[in-house]
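Down below is the structure, laid out as structure tokens.
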Amino acid sequence: MLQLGYNATLVAIGATLLGVSAGVTGTFLFLRKRALVSDAISHATLPGVCLGFMVLVALGGDGRNLIGLLAGSAISAWVGLLCMNWLTRHTRLAEDAAIGAVLSVFFGFGIVLLTVIQTMGVGRQAGLEGFLLGSTAGMLRADALIIAIGGAATLLLVMIIRRPMTMVAFDPEYAAARGLPVHRIDLAMMGLVMAVTVVGLKIVGLILIVALLIIPPVTARFWSERSDRVVLLAGLAGGLAGYLGAALSASAPNLPTGPIIVLVSFGFFALSLFLAPVRGVLAAVLRHLRFQRRVHIRQGLLALAQGQKIYEPLTLRLLRRAGLARADGVATETGKARAAKALRDEKRWEIVRADQAHEATAALYDGLRDIETVLTQDQIVEIDRQIGGPQEVPA
Amino acid sequence: MSGEEFVPLSLTPLLIGTFAAIACALPGNFLVLRKQALIGDAISHVVLPGIVVAFLLTGAISTWPMMLGAAGASVVAVVMIEAVRRLGQIEPGAAMGVVFTTMFAAGVLLLEQTDTSTVHLDVEHALYGNLESLIWLDATGWSSLFDPEALAGLPPELPRIALTLLVVSLFMWLFWRPLKISTFDEGFARTIGVRTGALGFALVIIAAIAAVAAFDAVGSIIVIAMFICPPAAARMMTNRLETQITWSVVFAIVSAVSGYVLAGYGPLWLGAADAVSAAGMIATMSGLILACTAIWGPCRTRAGAPSTA
Amino acid sequence: MLELAANQGVSVAEIGIESSPLAIRGLTVSYGQKPAVFSVDMTVEPGAMTAIIGPNGAGKSTLLKAALGIVSPLSGQVSVFGEPLEKQRARIAYVPQRASVDWDFPTRVIDVVLMGLSRELGLLGRVRARHMSRAMDCLNRVGMRDFADRQIGQLSGGQQQRVFLARALAQDADLYLLDEPFAGVDAATEKAIIAVLKSLKEAGKTVVAVHHDLATVTDYFDHVFLINTRKVAEGPVAEAFTAETLQSAYGGRLATAQIDQISRALG
């Protein structure tokens, strides 16, 4: 994979940078729970690309000038963003409806402009469709340079305003109380997303850039609970996906860069979804099964101790398997001892929870925790003294 | 314009566009109220991999396998979104974004890998359809509406979308009450025995059916726009659900008709020679309607709702 | 084992699962890894007004929601009038916490009350004059008749709460479950609601409400159910609502002064 050709190397560098900046920027969007705003922004670039092309041609220039097209796309994405913001702030529409309205209407209008261009009689339409899905085939050195510089600049900006963005994403009300201009920071965040989108148009196209903004942050979130690490991991996941995707797509014909990058990115996501140590599905399933077992056994023991009938078949099965009860629901010797201990603990907890002195400890009660794990032996002895003998149990 | 020109060239595309718009707007009302508006967006993206897979399996461009493929892909997408959301504890928007972009990427990749040069199957067509080409060449005038021979030559998209509209309307009529209750107050709906999970899934499936049928005729741009814009605009006009539905149908019809007419004749009026994309124009018109209601609609703000502090 | 057998908590009423409007056995509900409700038994007295009380986060609302099948439990059984919940749904009416509803929904007050008749109306039944007049009657009982045509989001918190009570009345149930009906409402609403609940009791209905104001428990209710993840006490107010049970339920979270005040009020 190291022997990439000249063009492929350009693409790979561009894709890596794009992946990093999309992952990092997208994280703030994701933490703000506004991931799909990127969908509206990216679709809203289309009319701008077309208008940019028309203006360039009207001025007698080359309609394919990348800077001109990107400038047009940035302007229309910004207009779309403002429309979306206005709709959510000044009407009763929820954000999802505003996103959907902006993306479909701007995209629809873009299609109208595309058909206008088709009939403008300027020969072929300069592969503007390439902006839909990205096309790296004819990428020039200048194009790659623009993408690289754009990606790096976005990354730098993100690093500069990452603190206020994290704060706004985490708790907008607190941020506002601290005097941060939440609305303007939100707009800045969207502006960065827009920048990434515009930069990525050429490589992955406007539909798939959304994937690069969403999938790496979601992937990274599985691996850390700290926002700064999530940002770094998302950048890493995005950059890696960008590089691997670009390299893979160069290795064989008919492998378009954009989709391959997205699929590699999704591969990372799927692995994380299942295998991440704490938030992963496998870990969660195991944890849940263990937890359910504990709840049932504990409940079963308490029922045994109080001579109550056990209604749940699962409880009975678990007790039997643990050797605590016989098939007919009668406790074994071990079961009796464990049941007595469970009930005694329950009694101790009751004292702890009624006692203001133990307030912090009492908050830990969840019906399952062994009392030895939160109290010292001396404290337990003291509580047992309060409980006293069997006859003095308060009614 | 005379019937001789209008019936063969404009009547069928107008009807197809209108039916598609209504079929999407009807379930769209509930999707918007349930804050699931973007399900339409997700579905219209995954239609592409659906039809590509159907093409790979059958080796031919024929309508029914492709529609089945698209519908199947929608179901897969909805299930995957739900699975990612629950299993990964990820907010719905991000879960949607992960799933539909991935499936779309897979669709593009499959398309590139397959030799489809001999058949007409491309991304652009999937995006904005070809409403203008759905003409009725056998018609000679209004009288053709009663001529069985001419009727047999109707573009097959018309009966398909009409049937879809019928199915969607039936579903809405039949499940109107539980849909309304469970959208308003899901907890209460469950206490009176409404199976809210199944109902929510059924709504999404109905939306998917509407999306696939409309997509077949007019492309996915109209689908997203019609799911969201007419219902959102209608919401700004009234505070009653029944009235909202009516408004949304009206807006859908107005968008479809005005969009089609403007796309076909607007450029001529402006002195240009060729028509522009009807699908794109219909979406644009629905956006203009939404903008008008957002500025002037009588119920456009959340005024009067007390804070629940 | 003697000690164990003695630990039955405050005397459980001598009614069985069969005759209780709502009987819960061994119910555990957990959000994530911490049970909100752990191994709770509850037997609601028929024809009584029962308050579910306990500190914040003690699982009061969760208990109610699990009883209604809105959240699914990790373990445990619920029986309603001696049968599984599904068979007896028509006999239960539920008033949710106000926060759980989409207030922006395009619907009028009268439409909300008519939702209470939806089991009767079925999927396609038309709303006829008699349904309308019944819905209006229910609105009248909570003093909201004049607001029938308002959009639901335009009402004040107390008025919204009364509309939801009217919807429950329209259901004409035998068991009424209310989640914090007095939370954040004005004094007039509180009075109106309690009057309606008392009239329900007089008509022989059973009322269970999650309640947070300890000072009004003795005035409003005749039975209490104290919960703090586990059941603390259950029974008539005079027996189960005591300084000890409160201390036990609230632990350090209830100021001693408050408990003293309540015990004084209890005489």
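Values quoted throughout were computed directly from the atomic coordinates according to the rules given, and no laboratory measurement underlies them. Note that the coordinates shown come from a computational prediction; the quantities given were computed from them, not determined experimentally. Cβ atoms come from the backbone with ideal geometry, glycine included; neighbour counts cover every protein chain shown.
Remark: mean inter-chain Cβ contacts per residue of C:118-125 equal 3, using a 10 Å Cβ-Cβ cutoff to other protein chain atoms. All C-alpha pair distances within the range C:137-254, sorted into 10 Å bins from zero, spread as 12, 41, 30, 14, 3 percent across the bins.
Scaling against 2.2 N^0.38 Å puts the C-alpha radius of gyration of the protein assembly as shown at 1.07. If you look at the Cα atoms of the range A:50-119, you get an Rg and a Dmax of 14.4, 45 Å. Rounded to the nearest whole Hz, the Karplus-based 3J(HN,Hα) values (6.51 cos²θ - 1.76 cosθ + 1.60, θ = phi - 60°) of the range A:30-43 follow the sequence 5, 5, 7, 6, 10, 3, 7, 4, 4, 5, 5, 4, 5, 5, with x at glycine and proline. The Cα-based radius of gyration of the range A:282-392, divided by its Kirkwood radius, gives an Rg/Rh of 1.01. What residues qualify as long-range amide H neighbours of residue C:232, i.e. H under 5 Å apart, gap of 5 or more or another chain, H built at 1.01 Å from N? Placed amide hydrogens put C:226, C:227 under 5 Å from residue C:232.
Across all Cα pairs in the range A:25-153, the calculated P(r) in 5 Å bins from zero up to the longest distance comes to 2, 10, 18, 21, 19, 14, 9, 5, 2, 0 percent per bin. Descending by average beta-carbon neighbour count within 10 Å, the peptides A:377-384, B:36-43 line up as B:36-43, A:377-384, the highest first.
Three semi-axes describe the equivalent ellipsoid of the range C:1-160; taken as square roots of 5 times the Cα gyration tensor eigenvalues and ordered largest first, they are 36, 19, 15 Å. The local environment of residue C:31, defined by Cβ-Cβ distances under 12 Å, has a net charge of +1 under the rule Lys, Arg +1 and Asp, Glu -1.
Calculate the tail of P(r) for the range B:22-97: the fraction of all Cα-Cα distances greater than 14 Å, expressed in %. Kindly include the intermediate steps, with their values, before the conclusion.
On the way: 1853 of 2850 pairs.
For the range B:22-97, the share of Cα pairs beyond 14 Å comes to 65 percent.
Most tightly packed first, judged by the mean number of other beta-carbon atoms within 10 Å of their residues, the peptides A:78-89, A:203-214, A:159-170 read A:203-214, A:78-89, A:159-170.
Amide H to amide H, with H built 1.01 Å from N, residue B:237 comes under 5 Å of B:299, counting only residues 5 or more places away or on other chains. Summary of packing: across the peptides C:49-57, B:138-146, the per-residue average of other C-beta atoms within 10 Å ranks them, highest first, as C:49-57, B:138-146. Between residue C:203 and residue C:183, how high is the FRET efficiency from 1/(1 + (r/R0)^6) when r is the Cβ-Cβ distance and R₀ = 35 Å? Nearest 0.05. It comes out at approximately 0.90. Pairs from the table (A:336/C:87; C:60/C:201; A:347/C:34) lying more than 29 angstrom apart at Cα are A:336/C:87. Computed over chain A, the per-residue total of -39500 (n - 2.57) for DSSP H runs of n ≥ 4 gives a 222 nm mean residue ellipticity of -24500 deg cm²/dmol, rounded to 500. By the Stokes-Einstein formula, at 1.567 mPa s and 4 °C, the range B:71-115 with its Kirkwood radius over alpha-carbon pairs has D equal to 117 µm²/s.
Hydrodynamic estimate: the Kirkwood radius of the range A:6-253 over Cα pairs, inserted into Stokes-Einstein at 20 °C and 1.002 mPa s, corresponds to D of 117 µm²/s.
Two numbers describe the Cα atoms of chain B: Rg and Dmax, which are 20.2, 67 Å. How big is the Cα convex hull of the range A:203-244 in projection, averaged over all directions, in nm²? The number I arrive at for the range A:203-244 is 2.9 nm².
Look at the stretch A:206-214: the mean tally of other chain Cβ atoms within 10 Å of its residues' Cβ atoms is 5. Taking a Cβ cut-off of under 11 Å around residue C:109, the surrounding Lys, Arg, Asp and Glu residues balance to a net charge of +2, with basic ones at +1 and acidic ones at -1.
Taking the square roots of five times each eigenvalue of the Cα gyration tensor of chain C, the equivalent ellipsoid has semi-axes of 32, 21, 17 Å, listed largest first.
Report the far tail of the P(r) of the range A:12-98, meaning the percent of Cα-Cα pairs longer than 14 Å.
Numbers: 2654 of 3741 pairs.
Within the range A:12-98, distances greater than 14 Å cover 71 percent of Cα pairs.
One quarter of the convex hull surface built on the alpha carbon atoms of the range B:151-305 amounts to 11.7 nm², the projected area averaged over directions.
Shape analysis of the range A:226-332 based on the Cα gyration tensor places the equivalent ellipsoid semi-axes at 52, 15, 8 Å, largest first.
Within a 10 angstrom radius of each residue's Cβ in A:36-43, how many Cβ atoms of other chains show up on average? Whole number is fine.
If you average over the peptide's residues, the count of other-chain Cβ atoms is 4.
For residue A:325, nonlocal amide neighbours, meaning residues 5 or more places apart or on other chains whose placed amide H falls under 5 Å from its own, are A:320, A:332.
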